[in-house]
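The values are calculated or read from the model by the stated rules, or taken from the named source; none is laboratory data. Since we're looking at a predicted model, the values are computed, not measured. Here the Cβ positions follow ideal geometry from the backbone for every residue, glycine too, while neighbour counts run over all protein chains shown. Keep in mind that these areas ignore ligands, DNA and RNA; they rest on the heavy atoms of the full protein, side chains included. Shrake-Rupley method; radii C 1.70, N 1.55, O 1.52, S 1.80 Å.
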Amino acid sequence: MKKVIATAVLGFAVTVSGAMAADGEALFKSNGCAACHQANVKTVGPSLKEIAQAYKGKEGDMIKFLKGEAKPIVDPAKFGIMKPQLNKTKNMSEEELKALVEFMLKH
Ligand code: HEC
């Protein structure tokens, strides 16, 4: 029984340290972004491919947008749906934002 508990604790430690390494894909999923953004098809929000095309070579601009410091460029008419999401990204660290943007730009 003791062994089982030790394994469970160890497993938890690995999960936590993994999250701290700022994994862009994990952040994207755990913050619910995937609910509106699919890789290749437009759903509620633009596809990651469409976002990546608009922000190609403009990583810094996307970070500014996610901090609420820059205007939307992909689909400004629907920004009202995206706006509340910035409350999550605004509170992320620079490292987390970079990982998140890197993940989105890979599409
Ligand atoms: C409730 C649906 C929804 C969720 C959840 C959501 N988005 Fe969006 N997102 C949208 C819509 C709609 C747009 C198009 C409006 C716009 O361009 O701002 C958008 C646009 C964007 C854009 C392009 C901004 C631009 O310049 O136009 C980025 C980047 C983005 N979302 C990132 C994210 C991230 C990161 C998350 C998770 C923290 C997230 N979204 C969660 C709906 C959503």
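Within region 32-86, being more than 6 Å from the ligand (Cβ to nearest atom), within 19 Å of E96 (Cβ to Cβ) and exposed (fewer than 13 other Cβ atoms within 10 Å of the Cβ) holds for G60, G68, E69, P84.
Exactly one residue out of A22, A39 is under 16 Å from L105 (Cβ atoms) and at pLDDT below 95, and it is A22.
Of all residues in region 87-106, which are near the ligand (Cβ under 10 Å from one of its atoms) and within 16 Å of L48 (Cα to Cα)? Scanning region 87-106 gives L97, L100, V101, F103, M104, L105. Each residue in region 87-107 was checked for being open to solvent by 80 Å² or more (accessible area, probe 1.4 Å) and not in a loop (DSSP other than H, G, I, E, B), and 6 of them qualify.
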